[in-house]
1. Using a cut-off of 13 Å between beta-carbons, work out the net charge of the residues near Ile230 (Lys and Arg +1, Asp and Glu -1, Ile230 not included).
2. As a check on your grasp of the helix formula, calculate [θ] at 222 nm for the chain: sum -39500 (n - 2.57) over DSSP H runs of n ≥ 4, divide by the residue count, round to the nearest 500.
3. Can you list residues from other chains, or at least 5 along the same chain, whose modelled amide H is less than 5 Å from the amide H of Cys258?
4. Give the peptides 189-196, 143-150, 71-78 in descending order of average Cβ contacts within 10 Å, highest first.
5. If R0 is 30 Å, what FRET efficiency do you get for Val120 and Glu19 from their C-beta distance, rounded to 0.05?
6. For the stretch 4-277, go through all pairs of different Cα atoms, get the mean of 1/r, take its inverse, and jot down that Kirkwood value in Å.
7. For Gln148 and Gln267, compute 0.36 nm times the residue count separating them, minus their Cα-Cα distance, and round to one decimal in nm.
8. Spelling out what I want: for every residue of the stretch 148-164, take phi, set θ = phi - 60°, compute 6.51 cos²θ - 1.76 cosθ + 1.60 (Karplus), and round to whole Hz; glycine and proline get x.
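Rule-based calculations on the coordinates, nothing more; no lab input. Treat the numbers as computed from the prediction; the structure is a model and nothing was measured. Cβ: placed from backbone, ideal geometry, glycine included. Neighbour counts: every protein chain shown.
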Amino acid sequence: MAMKYGIALPLSGIDGDIERLVEYAHIAEEAGWDGVFLEDYIVYWVKGGVTYDPWLALTAIALRTKRVRLGMTVTPLPSRLPWKLAREAVTLDHLSHGRLILGFGLGDPRDSHFGEVSNVKQRAEMLDEGLEILAGLMSGQPFHYEGQHYRVEHVTFEPQPLQKPRIPIWIGGFWPRKAPARRAAHWDGFCPAKVPDAQGYGSFQPADVSAIRTFIAQERTDKGPFDLCIGGYSPGDDKARARAQVGEFEQAGATWWCEFVLPDLGQAQQALTRIKQGPPR
């Protein structure tokens, strides 16, 4: 499986401008990137930043692009209604002609302002139940579910997603914590973040990717394809060095490289330059 290359764009728009965010996604497609990914916050935790709705933003991007995959890294499923999210996801899959990738996780505690469940064990249970509900509703078959946190009474969702057997589901979470990777092994992909060090910084090395691949192989029973998306920065002004850097992650087992293009206020031009430089292939 050849490596694919995505960009992560800010939920705050480009210098607070949502229309420029959509335009940058279009430019990314023209520059040869394979995917455009957004975070999913109700209130973006970065001080002084604005927050736009990622589902509406992705819808606008879907209508402005033709080829790139679109996704969230990641949606805090325990803070959403699974059935409402299933309806939105299937709608976006149709609008994008089957280009959506779903990413889910427990959520960032910095985005808890509205009385959400804060207990990690409960949120993990809600995440797992929500995933089962999403898969069941997207099947297009009669579905009934009774869990500790959610109940669905005999319903059939139509239309089904364009992608079969359903929209791909990636799981987010910190590595080397094992619970998120174990959960991901039961779905279609893993988009991890590295546990920060004492300075608050965490970056992946190829050895981390190899360790993740080994762990996933031990936990996974499905023999179908499995994506591993690693995020970071590569030097757009030095293609050879960028290819060498990202190539090590590909050799270790990554299937996606997600370039962080998350400009602070006033850095829109730098972000645009990096997007136009294209992926490190």
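1. Values: positive: Lys4, Lys194, Arg213; negative: Asp208, Asp227, Glu248, Glu250, Glu259.
Around Ile230, the charge tally is -2.
2. Values: 8 runs with 102 residues, N = 281.
About -11500 deg cm²/dmol.
3. Residues meeting the amide H criterion: Gly6, Ile230, Gly231, Gly232.
4. Values: 189-196: 20.1, 143-150: 13.9, 71-78: 25.1.
In decreasing order of mean packing, 189-196, 143-150, 71-78 become 71-78, 189-196, 143-150.
5. Numbers: r = 38 Å, r/R0 = 1.25.
That gives a FRET efficiency of 0.20.
6. Values: mean 1/r = 0.0520 Å⁻¹.
Evaluated on the stretch 4-277, it is 19.2 Å.
7. Working: separation 119, 0.36 × 119 = 42.84 nm, distance 4.60 nm.
38.2 nm is the gain from fully extending Gln148 to Gln267.
8. For the stretch 148-164, the Karplus curve yields 6, 10, 9, 9, 10, 9, 5, 9, 10, 8, 10, x, 7, x, 5, 7, 10 Hz.
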